[in-house]
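**Q** Got a structure here, written out as structure tokens. Questions coming.
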Amino acid sequence: MSLELEEKIEDVLEKLRPSLALHGGNVKLVEFHSDTGLVDLELQGACVGCPMSTVTLKYGIEEALKEALPEVKGVNAV
């Protein structure tokens, strides 16, 4: 993963972390796959096992990343 793109992904995640922290959660960037445009993320804290984590991942985090970075095509929880 390019350092520049990794930094841009981290910048977007950093803006989302306060909202996740309000509910006891966090997210960690694991890997960006440049060939597919998919970002692997690790949900942490209260997000692990939360029934709403899929909604948070797809409609919160994924949408924010796709809007900010056209290289991102989707996210996966790992």
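The values are calculated or read from the model by the stated rules, or taken from the named source; none is laboratory data. In this text the structure is predicted, and so the values were computed from the model without any measurement. FYI the Cβ positions are ideal-geometry reconstructions off the backbone, even for glycines, and counts take in every protein chain you see.
**Q** Mind counting the residues in the stretch 32-78 that are in a helix (DSSP H, G or I) and aliphatic (A, V, I, L, M)? Quick ask: steps written out before the conclusion?
**A** Looking only at the stretch 32-78, we keep the residues that are in a helix (DSSP H, G or I), and these are 53-68.
Now narrow it down to the ones that are aliphatic (A, V, I, L, M): 55, 57, 61, 64-65, 68.
Selection size over the stretch 32-78: 6.
**Q** Can I ask one more? Confirm whether Val39 is out of contact with any Cys (no Cβ under 7 Å at 6 or more places or on another chain), under 23 Å from Lys8 (Cα atoms), surrounded by 13 or more Cβ atoms within 10 Å (Cβ to Cβ) and among the β-branched types (Val, Ile, Thr). First the steps, then the outcome.
**A** Numbers: out of contact with any Cys (no Cβ under 7 Å at 6 or more places or on another chain): yes; under 23 Å from Lys8 (Cα atoms): yes; surrounded by 13 or more Cβ atoms within 10 Å (Cβ to Cβ): yes; among the β-branched types (Val, Ile, Thr): yes.
So Val39 fits the description; yes.
Each row is one residue, and each column tells you yes or no for (1) among the hydrophobic types (A, V, I, L, M, F, W, C); (2) modelled with pLDDT of 95 or more; (3) under 19 Å from Glu4 (Cβ atoms).
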site	(1), (2), (3)
Val27	yes, yes, no
Glu42	no, yes, no
Ala46	yes, no, no
Cys50	yes, no, no
Ser53	no, no, no
Leu57	yes, no, no
Leu65	yes, yes, yes
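**Q** What are the pairs, 6+ residues apart or on separate chains, where a residue within the stretch 48-71 that is in contact (Cβ under 8 Å) with a residue 60 or more places away in the chain and farther than 15 Å from Lys28 by Cα has its Cβ under 8 Å from a residue that is small (Gly, Ala, Ser) and not in a helix (DSSP H, G or I)?
**A** Glu71/Ser34; Glu71/Gly37
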